[in-house]
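Colleague: Can you read through this structure? Questions will come right after.
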Amino acid sequence: MTIAEMLSQSGILTLLGMCVVFSFLIILIISMYLLHFVVHSLHLDKDLEKKETKSFVAPAAAIQNVPQSSDNGAVIAAIAAALHEKQSV
């Protein structure tokens with residue numbers, strides 16, 4: 001087997017491998033779109049939307065009830081100490 005034949009065979013094998021991977025990716029994308037369509041058509045995503053809206057409302061209400069402190073010196077000192085500790089390690 002000559003070098004030209006070996007290069008030709010390796011080129012064909014490389015193109016075949018790339019075609020297999022590309023076709024698998026196309027099949028994967030198509031199946032994802034079909035799954036998306038099925039989930040939306042059967043209304044299986046409604047429960048997920050209700051859970052997401054509740055989780056976003058709770059932290060906002062919790063933040064509003066926290067009293068604002070006028071003494072930020074302790075917070076600044078803690079941040080500075082943490083940064084100094086991280087830089088020294």
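Colleague: So which of I30, I26 ends up being at pLDDT 95 or above and open to solvent by less than 80 Å² (accessible area, probe 1.4 Å)?
Modeller: Result: I26 is the single residue among I30, I26 that is at pLDDT 95 or above and open to solvent by less than 80 Å² (accessible area, probe 1.4 Å).
Colleague: Turning to a different aspect of this structure: Go through (1) at pLDDT below 85; (2) in contact with a helix residue (DSSP H, G or I) (Cβ under 9 Å, 6 or more places away or on another chain) one by one and return the number of the condition S55 breaks.
Modeller: Unmet for S55, out of (1) at pLDDT below 85; (2) in contact with a helix residue (DSSP H, G or I) (Cβ under 9 Å, 6 or more places away or on another chain): (2).
The values are calculated or read from the model by the stated rules, or taken from the named source; none is laboratory data. The structure presented is a predicted model; accordingly, all values stated were derived computationally and were not measured. Glycine gets a Cβ as well: all are built from the backbone with ideal geometry, and neighbour counts include every protein chain shown. What goes into the accessible areas is simple: the full protein's heavy atoms, side chains included, and nothing from ligands, DNA or RNA. Shrake-Rupley method; radii C 1.70, N 1.55, O 1.52, S 1.80 Å.
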